[in-house]
Amino acid sequence: MSMERTLILLKPDAVQRGLSGKILARFEEKGLKIVGMKLMQMSQELAAQHYSAHKEKPFYKGLVSFMTSSPIVALALEGIGAIEICRKMMGATFGSKAEPGTIRGDFGVSNSFNLVHGSDSKEAADKELGLFFKPEELLEYNLAAFTWIYDPVEELGQQG
Ligand code: UDP
Ligand code: MG
(Lines give C-alpha, C1' and ligand atoms only; values in the text may rest on other atoms or scores of the structure.)
(Ligands and ions follow the chains in the order given, each with its own letter.)
Protein backbone atom coordinates (compact mmCIF):
# COMPACT_ATOMS: atom_id res chain seq x y z
CA MET A 1 0.00 0.00 0.00
CA SER A 2 1.30 3.43 -0.85
CA MET A 3 0.40 6.98 0.11
CA GLU A 4 -2.55 8.00 -2.06
CA ARG A 5 -4.92 10.91 -2.61
CA THR A 6 -8.58 10.42 -3.43
CA LEU A 7 -11.50 12.67 -4.36
CA ILE A 8 -14.52 12.53 -2.09
CA LEU A 9 -17.68 14.52 -2.80
CA LEU A 10 -20.32 15.20 -0.17
CA LYS A 11 -23.28 15.24 -2.52
CA PRO A 12 -26.17 17.76 -2.46
CA ASP A 13 -28.28 15.50 -0.22
CA ALA A 14 -25.49 15.36 2.38
CA VAL A 15 -25.17 19.15 2.46
CA GLN A 16 -28.93 19.79 2.45
CA ARG A 17 -29.56 17.25 5.20
CA GLY A 18 -26.91 18.83 7.41
CA LEU A 19 -24.71 15.75 7.33
CA SER A 20 -21.52 17.31 5.91
CA GLY A 21 -19.85 17.63 9.29
CA LYS A 22 -20.75 14.12 10.42
CA ILE A 23 -19.52 12.55 7.22
CA LEU A 24 -16.32 14.60 7.19
CA ALA A 25 -15.73 13.60 10.82
CA ARG A 26 -15.80 9.92 9.87
CA PHE A 27 -12.96 10.40 7.42
CA GLU A 28 -10.99 12.54 9.88
CA GLU A 29 -11.52 10.05 12.72
CA LYS A 30 -10.31 7.23 10.50
CA GLY A 31 -6.99 9.06 10.17
CA LEU A 32 -7.29 10.44 6.67
CA LYS A 33 -5.63 13.79 6.10
CA ILE A 34 -7.64 16.59 4.47
CA VAL A 35 -5.43 18.10 1.76
CA GLY A 36 -8.17 19.94 -0.13
CA MET A 37 -11.69 21.09 0.75
CA LYS A 38 -14.28 23.41 -0.77
CA LEU A 39 -17.99 24.11 -0.89
CA MET A 40 -18.95 24.52 -4.52
CA GLN A 41 -21.74 24.36 -7.04
CA MET A 42 -21.09 21.80 -9.77
CA SER A 43 -21.66 23.03 -13.32
CA GLN A 44 -23.23 20.91 -16.05
CA GLU A 45 -19.81 20.76 -17.74
CA LEU A 46 -18.02 19.55 -14.62
CA ALA A 47 -20.74 16.95 -13.94
CA ALA A 48 -20.45 15.70 -17.53
CA GLN A 49 -16.66 15.38 -17.23
CA HIS A 50 -16.82 13.77 -13.81
CA TYR A 51 -19.45 11.21 -14.81
CA SER A 52 -18.34 10.69 -18.44
CA ALA A 53 -18.04 6.92 -17.83
CA HIS A 54 -21.79 6.80 -17.12
CA LYS A 55 -22.91 8.83 -20.15
CA GLU A 56 -24.87 5.96 -21.71
CA LYS A 57 -26.47 4.74 -18.47
CA PRO A 58 -30.21 5.18 -17.93
CA PHE A 59 -29.58 7.05 -14.67
CA TYR A 60 -27.11 9.54 -16.20
CA LYS A 61 -29.52 12.42 -16.81
CA GLY A 62 -31.00 12.22 -13.32
CA LEU A 63 -27.54 11.91 -11.79
CA VAL A 64 -26.27 15.08 -13.48
CA SER A 65 -29.45 16.91 -12.53
CA PHE A 66 -29.07 15.80 -8.88
CA MET A 67 -25.38 16.66 -8.63
CA THR A 68 -25.88 20.16 -10.06
CA SER A 69 -29.05 20.92 -8.08
CA SER A 70 -27.41 22.34 -4.94
CA PRO A 71 -23.90 22.82 -3.49
CA ILE A 72 -21.52 19.98 -2.75
CA VAL A 73 -18.38 19.73 -0.63
CA ALA A 74 -15.33 18.52 -2.54
CA LEU A 75 -12.61 16.88 -0.46
CA ALA A 76 -9.16 15.63 -1.30
CA LEU A 77 -8.11 13.06 1.29
CA GLU A 78 -4.68 11.51 1.75
CA GLY A 79 -3.52 8.33 3.41
CA ILE A 80 -1.88 4.98 2.84
CA GLY A 81 -4.37 3.01 0.73
CA ALA A 82 -6.82 5.95 0.93
CA ILE A 83 -8.75 5.08 -2.25
CA GLU A 84 -9.87 1.63 -1.15
CA ILE A 85 -10.32 2.64 2.49
CA CYS A 86 -12.70 5.47 1.54
CA ARG A 87 -14.68 3.24 -0.83
CA LYS A 88 -15.15 0.73 2.00
CA MET A 89 -16.23 3.48 4.38
CA MET A 90 -18.83 4.69 1.85
CA GLY A 91 -20.47 1.28 1.46
CA ALA A 92 -22.38 -0.16 -1.50
CA THR A 93 -23.78 2.22 -4.12
CA PHE A 94 -27.43 1.78 -3.14
CA GLY A 95 -28.39 3.15 0.25
CA SER A 96 -31.00 0.42 0.50
CA LYS A 97 -28.27 -2.25 0.25
CA ALA A 98 -25.32 -0.59 1.99
CA GLU A 99 -24.18 -2.25 5.21
CA PRO A 100 -24.77 -0.57 8.57
CA GLY A 101 -21.51 1.00 9.71
CA THR A 102 -20.87 2.50 6.30
CA ILE A 103 -21.76 6.09 5.43
CA ARG A 104 -24.39 5.13 2.88
CA GLY A 105 -25.65 2.35 5.14
CA ASP A 106 -26.02 4.58 8.17
CA PHE A 107 -27.37 7.81 6.67
CA GLY A 108 -29.55 6.99 3.69
CA VAL A 109 -32.01 4.65 2.02
CA SER A 110 -32.06 6.08 -1.52
CA ASN A 111 -30.32 4.39 -4.43
CA SER A 112 -29.54 7.65 -6.21
CA PHE A 113 -29.29 10.19 -3.37
CA ASN A 114 -26.46 8.28 -1.73
CA LEU A 115 -24.63 11.10 0.04
CA VAL A 116 -21.06 10.56 -1.07
CA HIS A 117 -18.79 9.97 -4.05
CA GLY A 118 -15.33 8.43 -3.86
CA SER A 119 -12.77 7.74 -6.59
CA ASP A 120 -12.66 4.02 -7.38
CA SER A 121 -9.07 3.66 -8.67
CA LYS A 122 -5.75 5.49 -8.82
CA GLU A 123 -6.51 6.54 -12.42
CA ALA A 124 -9.96 7.86 -11.46
CA ALA A 125 -8.53 9.67 -8.43
CA ASP A 126 -5.88 11.46 -10.50
CA LYS A 127 -8.45 12.49 -13.11
CA GLU A 128 -11.09 13.57 -10.60
CA LEU A 129 -8.72 15.50 -8.31
CA GLY A 130 -7.62 17.41 -11.41
CA LEU A 131 -11.23 18.24 -12.29
CA PHE A 132 -12.13 19.62 -8.86
CA PHE A 133 -8.90 21.18 -7.58
CA LYS A 134 -6.22 23.42 -9.00
CA PRO A 135 -2.72 22.16 -8.08
CA GLU A 136 -2.25 25.02 -5.59
CA GLU A 137 -5.50 24.09 -3.81
CA LEU A 138 -4.04 20.72 -2.79
CA LEU A 139 -1.87 21.39 0.25
CA GLU A 140 1.19 19.68 1.65
CA TYR A 141 1.58 19.94 5.40
CA ASN A 142 2.54 17.85 8.39
CA LEU A 143 -0.31 16.38 10.40
CA ALA A 144 0.70 16.43 14.07
CA ALA A 145 -0.93 13.04 14.77
CA PHE A 146 0.73 11.37 11.79
CA THR A 147 3.19 9.24 13.76
CA TRP A 148 0.33 8.02 15.96
CA ILE A 149 -1.97 7.26 13.04
CA TYR A 150 0.73 5.13 11.36
CA ASP A 151 3.44 2.93 12.86
CA PRO A 152 6.58 4.96 12.11
CA VAL A 153 8.81 1.89 11.79
CA GLU A 154 6.48 -0.58 10.07
CA GLU A 155 4.47 1.78 7.89
CA LEU A 156 6.37 5.02 7.49
CA GLY A 157 9.81 3.47 7.24
CA GLN A 158 11.37 5.90 9.73
CA GLN A 159 13.86 4.43 12.16
CA GLY A 160 13.84 5.95 15.64
N1 UDP B 1 -26.77 5.94 -9.59
C2 UDP B 1 -28.16 6.01 -9.73
N3 UDP B 1 -28.84 4.88 -10.11
C4 UDP B 1 -28.21 3.71 -10.37
C5 UDP B 1 -26.81 3.64 -10.23
C6 UDP B 1 -26.13 4.78 -9.84
O7 UDP B 1 -28.74 7.05 -9.50
O8 UDP B 1 -28.88 2.72 -10.72
C9 UDP B 1 -26.02 7.15 -9.18
C10 UDP B 1 -25.61 7.10 -7.72
O11 UDP B 1 -25.69 8.43 -7.18
C12 UDP B 1 -24.16 6.64 -7.83
C13 UDP B 1 -23.72 7.33 -9.12
O14 UDP B 1 -24.84 7.25 -9.95
O15 UDP B 1 -23.39 7.03 -6.72
C16 UDP B 1 -22.52 6.70 -9.79
O17 UDP B 1 -22.77 5.32 -9.97
P18 UDP B 1 -21.64 4.24 -9.68
O19 UDP B 1 -22.12 2.93 -10.23
O20 UDP B 1 -20.32 4.73 -10.18
O21 UDP B 1 -21.64 4.12 -8.08
P22 UDP B 1 -20.58 4.60 -6.99
O23 UDP B 1 -19.21 4.47 -7.59
O24 UDP B 1 -20.95 6.01 -6.65
O25 UDP B 1 -20.79 3.66 -5.83
MG1 MG C 1 -18.44 5.06 -9.43
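Measuring from a point 7 Å past the Cα of K127 along Cα-to-C-beta, which residues in region 40-62 have an amide N at less than 18 Å? Within reach of a label on K127: 43-61.
Ligands, DNA and RNA left out, the 1.4 Å accessible surface of the chain is 55% carbon and sulfur atoms. For the chain, the solvent-accessible area works out to 55 Å² per residue, with a probe of 1.4 Å and every protein chain left in place.
Extension gain, Q16 to M40: 0.36 nm times the residue separation minus the Cα-Cα distance gives 7.3 nm. Size descriptors for region 4-104 (Cα atoms only): Rg and Dmax, in that order, 13.7, 37 Å. Distance between the 7 Å Cα→Cβ label points at E84 and S69: 3.5 nm.
Using just the helices of the chain, give the 222 nm mean residue ellipticity in deg cm²/dmol: DSSP H runs with n ≥ 4 each add -39,500 (n - 2.57), and the total is spread over all residues, rounded to 500. Calculated at 222 nm, the ellipticity per residue is -9500 deg cm²/dmol.
Once the GluC sites (Glu not before Pro) in DSSP loops with at most 16 neighbouring Cβ atoms within 10 Å are cut out of the chain, the longest remaining piece is 57-139. Distance between the 7 Å Cα→Cβ label points at E99 and S112: 2.8 nm. Label sites at S2 and L143, each approximated as a point 7 angstrom past Cα along Cα to Cβ, lie 1.9 nm apart.
Here A92 and E154 are evaluated by their C-beta separation; at R0 = 25 Å the FRET efficiency comes out at 0.20.
The values are calculated or read from the model by the stated rules, or taken from the named source; none is laboratory data. Remember, predicted model here, so these are calculated numbers, not experimental data. With ideal geometry, Cβ positions are generated from the backbone for all residues, glycine too; neighbour counts draw on all protein chains shown. The accessibility values were calculated without ligands, DNA or RNA, using every heavy atom of the protein model including side chains. Shrake-Rupley method; radii C 1.70, N 1.55, O 1.52, S 1.80 Å.
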